[in-house]
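The values are calculated or read from the model by the stated rules, or taken from the named source; none is laboratory data. As the structure is a prediction and not an experimental result, all values here were calculated from the model. Note: ideal-geometry Cβ built from the backbone for every residue, glycine included; neighbour counts use all protein chains shown.
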Amino acid sequence: MSLPEQPATFRAPTPAELPWWWRLEDATGAEVRLTGEAAADLDGQRFPSQGDAESWVGETWADLAREGVDAVTLFELDRRVYGPMSLHA
């Protein structure tokens, strides 16, 4: 009698698997680190593609602005792709 196959152990994706991320910035260009509940939803997010990263910022820009973020810069790993991009009109 053979045992059923066990599910693979969960592992967190590596940065190479989720290379796209936004640096959150204040009006001076300094990096903003969010705290509290906002940090869990908005800070440190990583994405598998540029399109996913851009969709996310398109959906969350107003929340980011409410938390004191003035601009965002898109990175692929450590390469700056573009930005800073203002979150204000």
In region 32-53, anything at pLDDT 95 or above, of a type in the set (S, T, N, Q) and more than 16 Å from Gly83 (Cβ to Cβ) is listed as Ser49
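Quick one: which of Ala65, Ala40 is in a helix (DSSP H, G or I), surrounded by fewer than 17 Cβ atoms within 10 Å (Cβ to Cβ) and in contact with a Leu (Cβ under 8 Å, 6 or more places away or on another chain)?
Working: Ala40 fails: in contact with a Leu (Cβ under 8 Å, 6 or more places away or on another chain).
Testing whether each residue is in a helix (DSSP H, G or I), surrounded by fewer than 17 Cβ atoms within 10 Å (Cβ to Cβ) and in contact with a Leu (Cβ under 8 Å, 6 or more places away or on another chain) leaves just Ala65.
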Considering region 55-76, residues that are touching a helix residue (DSSP H, G or I) at 6+ places or on another chain (Cβ under 9 Å) and β-branched (Val, Ile, Thr), and then whichever is nearest to Val32 (Cα to Cα), we arrive at Val69
What do you reckon, is Glu31 in contact (Cβ under 8 Å) with a residue 40 or more places away in the chain, within 19 Å of Arg79 (Cα to Cα) and over 9 Å from the mean Cα position of the chain (by Cα)?
no
Of the residues in region 43-62, those that are out of contact with any Asp or Glu (no Cβ under 8 Å at 6 or more places or on another chain) and either surrounded by fewer than 13 Cβ atoms within 10 Å (Cβ to Cβ) or part of a loop (DSSP other than H, G, I, E, B) (or both) come to Asp43, Gly44, Gln45, Ser49, Gly51, Ser55, Gly58, Glu59, Ala62
Every listed condition ((1) touching a residue at least 12 places away in the same chain (Cβ under 8 Å); (2) within 23 Å of Ala89 (Cβ to Cβ)) holds for Pro19 save (2)
